[in-house]
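**Q** Below: one structure in structure tokens.
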Amino acid sequence: MRYLSTLTTTDKLFAIALVLKAADALGEVAGCLWLLLIDPQWLKDRVAAIVAPELREDPRDFLAVHVLHWVAHLRQHAMLFAAAYLLSHGVAKLIVLVGIVRGRLWAYPGLIALTALFAAYQLYHMAVTGLSAGYLALTLFDLLIIALTAVEYAKLRSPGSANLCLGRS
């Protein structure tokens, strides 16, 4: 418990952000596995069953109509692309996060660069498809990760802190 009292607020925020980023990465890997195991027709049938009551109540329900339209056009190759996308994101994040936890200096700029690429893509996506609350929140979180990682990396690179990692000495 004494260890926690020696951490700065930035150290604590960084540790929390890393845990959240790791949960995100594990969720992406799990999502990849789910997409690889699921049959597109099964998904179409389930979504149709879920939105059917809403469409009976309001045949023009915006969300239900669009979700049903999206799933109706879902193809196996699209699911494979999404699975590959999720797997590459999840594994890349996990590699740099494990590197940071193990105190590897290369992992800090790696996390900054990787997160900056994701944030840039998210900004591009919002510019093309329109502002999305989810993408905006994710992008702001990624910018916070970049800032916190840069602060921690600067601490590690400063004189007299050769053995510091996440505030440990």
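The values are calculated or read from the model by the stated rules, or taken from the named source; none is laboratory data. This structure is a prediction, so every number in the text was calculated from the model and none was measured. Cβ: placed from backbone, ideal geometry, glycine included. Neighbour counts: every protein chain shown. What goes into the accessible areas is simple: the full protein's heavy atoms, side chains included, and nothing from ligands, DNA or RNA. Shrake-Rupley method; radii C 1.70, N 1.55, O 1.52, S 1.80 Å.
**Q** Before I look further, what does the chain give for accessible area per residue, probe 1.4 Å, in whole square angstrom?
**A** Numbers: 10570 Å² over 169 residues.
Result: 63 Å² per residue.
**Q** Say the dipole of region 9-155 comes from +1 at the beta carbon of Lys and Arg and -1 at that of Asp and Glu; which of Ile146, Leu123, Ile38 then lies farthest toward its positive end?
**A** Towards the positive end, the residue furthest out is Ile146.
**Q** Next question, about the same structure. In debye to the nearest 20, how big a dipole does the chain give about its Cα centre with +1 on each Lys and Arg Cβ and -1 on each Asp and Glu Cβ?
**A** On the way: 14 positive and 11 negative charges, 158 e Å.
Charge dipole of the chain: 760 debye, to the nearest 20.
**Q** OK, next. At 1.4 Å probe size, put Lys44, Lys155 in order of accessible surface, largest to smallest.
**A** Details: Lys44 45, Lys155 65 Å².
Of Lys44, Lys155, the descending order of accessible area is Lys155, Lys44.
**Q** Still on this structure, please answer the following. So which helices of the chain fit the span-like rule, where a helix is a whole DSSP H run, its Cα atoms reach 24 Å or more along the axis, and its mean Kyte-Doolittle is at least 0.0?
**A** Details: long enough: 9-37 (42 Å, 1.31); 40-57 (26 Å, -0.28); 76-101 (37 Å, 1.61); 107-129 (32 Å, 1.10); 133-157 (36 Å, 1.27).
Both cut-offs are met by 9-37, 76-101, 107-129, 133-157.
**Q** Under 8 Å for C-alpha pairs, at least 6 residues apart: give me the relative contact order for the chain, rounded to a whole percent.
**A** 30 percent
**Q** Ok, one more. Which percent of the accessible area of the chain is formed by carbon and sulfur heavy atoms (probe 1.4 angstrom)?
**A** Taking all protein chains in place, the chain shows 70 percent carbon and sulfur surface.
**Q** Then there is this: Enter the accessible area of Tyr124 (Å², nearest 10), with the probe set to 1.4 Å and all protein chains included.
**A** 140 Å²
**Q** What would the Debye equation give as log₁₀ I(q)/I(0) for region 9-155 at q = 0.10, 0.12, 0.14, 0.20 Å⁻¹, counting only Cα atoms as equal point scatterers?
**A** Here the Debye-derived log intensity ratios amount to -0.47, -0.64, -0.81, -1.21.
**Q** At 0.36 nm per residue, minus the direct Cα-Cα distance, what do Ala72 and Ala23 gain on full extension? Give it in nm, one decimal, please. Walk me through the numbers on the way to the answer.
**A** On the way: separation 49, 0.36 × 49 = 17.64 nm, distance 3.02 nm.
My answer for the length gained is 14.6 nm.
**Q** Pop a pseudo-label 7 angstrom from the Cα along the beta-carbon direction at both Ala127 and Trp106 and give the gap in nm to one decimal.
**A** Label at Ala127, label at Trp106, 3.2 nm between them.
**Q** Then there's this: At 1.4 Å probe size, with no ligands or nucleic acids counted, give the accessible surface of Ile95 in Å², nearest ten.
**A** Roughly 100 Å² of Ile95 is accessible to a 1.4 Å probe.
**Q** Taking 7 Å along the Cα-to-C-beta vector as the label spot, tell me the Tyr85-Ala30 distance in nanometres, rounded to one decimal.
**A** 2.0 nm
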